[in-house]
1. What is the set of long-range amide H partners of residue 23 at a cut-off below 5 Å, with H atoms built 1.01 Å from backbone N?
2. Pop out the ³J(HN,Hα) list for region 37-50 in order, Karplus 6.51 cos²θ - 1.76 cosθ + 1.60 with θ = phi - 60°, rounded to Hz; leave Gly and Pro as x.
3. Using 0.36 nm times the number of residues separating residue 38 and residue 88, minus their current alpha carbon distance, what extension gain do you get?
4. Over the Cα atoms of region 40-111, what radius of gyration and what Dmax do you get, in Å?
5. Please list 3J(HN,Hα) in residue order for region 78-85, calculated via the Karplus relation 6.51 cos²θ - 1.76 cosθ + 1.60 where θ = phi - 60°; whole Hz, with x for glycine and proline.
6. Identify the chymotrypsin sites (Phe, Trp or Tyr not before Pro) of region 55-111 meeting these criteria: DSSP loop state and at most 16 other C-beta atoms within 10 Å of the C-beta.
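Every number here is computed from the coordinates shown, using simple stated rules; none is lab data. Just so we're clear, the structure is a prediction, and the values are computed from it rather than from any experiment. Counting neighbours? That spans all protein chains shown, and the Cβs are built from the backbone with ideal geometry, glycine included.
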Amino acid sequence: MKNNYLLFFLSCFFGLNAFAALLLPAPVAPANFSVNQTPNVLIDWSASTGQTYYELKYGTDPLLQTGVQMASPTASSFTTSELLFGTVYYWKVRAMSATDSSAWSAISQFT
C-alpha cells in the first residue's frame, strides 16, 4: 500500500513539473535568411506559456557572443531601431521566469 502512495506522489510531482517547464520560443519573423529588411525591423517569436519575460539577443556576430541583449516584458516581439542597411544581423530569444529559463531558440538571420 505504501508503494502505491509513493508512486501516486511521484507521478503527481513529475506530472506537475512537466507543465511548469517553459516552452522554447521559436523565431517567426523576419523569416530566416530574409533580405531587404528596414532598419526598424520587427523581430517576432512564438509565445511561451508561464514566462514572466523574454531575453532577446541580436547583433552582427553569427555566434551572438557579442551584441545587444535585452529583456522584453511579456511581449513576444521587439522592434529594432537604427540598424544598418546591407548588414547581416543574427538573433535568438529565450523565455524566462523567476525560477526557470528555456533554452535559447535557434539563431536566425536577416539582412
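1. 49
2. Working through the residues one at a time gives 7, 6, x, 10, 7, 8, 9, 10, 9, 5, 6, 10, 7, x Hz.
3. Gain on extension, residue 38 to residue 88, equals 16.8 nm.
4. Calculated on Cα positions, Rg and Dmax stand at 12.1, 40 Å.
5. These are the phi-based 3J(HN,Hα) values: 8, 9, 6, 9, 6, 6, 9, 5 Hz.
6. Loop-located and lightly packed - 85, 104.
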